[in-house]
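Each reported figure results from applying straightforward, stated rules to the coordinates on display, with no laboratory input. Since we're looking at a predicted model, the values are computed, not measured. In this analysis, Cβ positions are derived from the backbone assuming ideal geometry, glycine residues included, and neighbour counts consider all displayed protein chains.
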Amino acid sequence: MQKSDGIYSLPKYGDMSAPAKKLRDFYAIKPGAPVYQKEFFFFTLGTWIEQGYLRKANEGEDYDAYLRGVFGYDQPAASFLNGLGWCEAAFLPAFEEEILEDRGEYELVRDRAGRSVLYFKGRRNGFMPEYVDHPVKDFTTWERDVKWRLDPRASGRLERTAAFVDGAVKNAPEGNMNVQNLIGGYMYLRSLMGPEDLLYNFVDQPELIHDCMKTWFELSDHVIAHHQKSVSLDEVFIAEDICYNHGSLISPDMMGEFLIPYYQQLLDNIKKRNLDKNRHVYFQVDTDGDCRGVIDIYKAIGCDYMSPFEVASGCDVVEIGKKHPDLRILGGIDKRVLATSKEDIDRHIDYIMPAMAERGGYIPTCDHGVPEEVSFENYMYYREKMKEY
């Protein structure tokens, strides 16, 4: 007899926690349902703390719960399974960080992803660094310096993810979404080779690209298969960043040759292994820039959720929502507008929210991290507006 503990089958809707119901209604694209409230990311918390609006992170036990109370976010209703990289590959061991060169105001540093990065001296965060070099040039550098760091069976790899699995098992009876996070193929390849050399290598060294992607697949499939011995997945979330402000950074043909077959096989394997055979596995693609041209490419292999829909790149979630009524959408709140005036915020929210709340399947967040230009007063005004939904 099947268990009904959230692992072998979903708990009944009435038995789920209130935030889980709200989030499940989002995935169901339930028209007119209360909107799940969260934020994408912050770049400005430090500034708001310095200005005295927020307490410091070390002043209390649960800072995330504190921020939820201040901003009126919903309780978490998803359990995230990590350990497969995000903006960089899941190296084990990582490269050893080292200062390679002193350049006066700057220092050239080898980071944990093996890249040579130019930073302000003694400062690593709060600005866009300059990536000078990347670890993979050819098969020799790939096999000598990198590939062995992606061994699925490396000592300690599965142990690193155990706490995430335990959390997912614990929260499954509440109806939480179990979300497997991993670095997407394009982001992964870019972190290995750099955005420019990667484009040349698609043409000049396709065998190298395929070997890198085969390694990505084998590592991802191995770790996820281990997770699926204990939990049923609800979503696979890839950090892709394959677009810029004028569309995709690579062609549909390149996507079709070097990315899509590996994604398709991974998703097929995940669906076959799920302990709950009746559960839909959602596929979310996260990419900055103008993603409109790649939506159908990803949808063809089962993508049904995307984020964060940057307004400055032409992404209008109202129009995209109409064109793709089956697409779950997160993002689409223009970070630039939040830095202007209350009147501008009113116009922006009044355009988006009535239509998207009625449609369903929408979680409003800033279309990337909330920047330092956004005042605390403006953000709180925005949050009060959003609580109406």
Tally of residues being surrounded by fewer than 20 Cβ atoms within 10 Å (Cβ to Cβ) and in contact (Cβ under 8 Å) with a residue 40 or more places away in the chain across the range 334-352: 0
Between a first residue in the range 130-156 that is in a loop (DSSP other than H, G, I, E, B) and a second residue that is of a type in the set (K, R), which pairs have beta carbons less than 8 Å apart while being 6 or more apart in sequence or on different chains? H134/R115; P135/R115; D151/R157
Expected output for the range 263-287 (first residue farther than 20 Å from L10 by Cβ, partner polar (S, T, N, Q), Cβ below 6 Å, 6+ apart or cross-chain) is L266/S220; D286/S307
Lone qualifier among I242, I238, I209 - being buried (at least 22 other Cβ atoms within 10 Å of the Cβ), more than 20 Å from the chain's Cα centre (by Cα) and of a type outside the set (D, E): I209
I want to confirm something. Restricting to the range 95-115 and keeping residues that are in contact with a Ser or Thr (Cβ under 8 Å, 6 or more places away or on another chain) and aliphatic (A, V, I, L, M), which single residue is surrounded by the fewest Cβ atoms within 10 Å (Cβ to Cβ)? L100
Take the range 214-235 and flag every residue that is surrounded by fewer than 20 Cβ atoms within 10 Å (Cβ to Cβ), more than 19 Å from L259 (Cβ to Cβ) and charged (D, E, K, R). K229
Does V317 satisfy the condition of being among the β-branched types (V, I, T) and in contact (Cβ under 8 Å) with a residue 40 or more places away in the chain? yes
Among the numbered criteria (1) of a type in the set (D, E); (2) free of Cβ contacts under 8 Å to residues at least 12 places away in the same chain; (3) in a helix (DSSP H, G or I), which one does D25 miss? (2)
Within the range 309-383, helices (runs of 4 or more DSSP H) holding 1 or more residues that are over 27 Å from A78 (Cβ atoms) and polar (S, T, N, Q): none
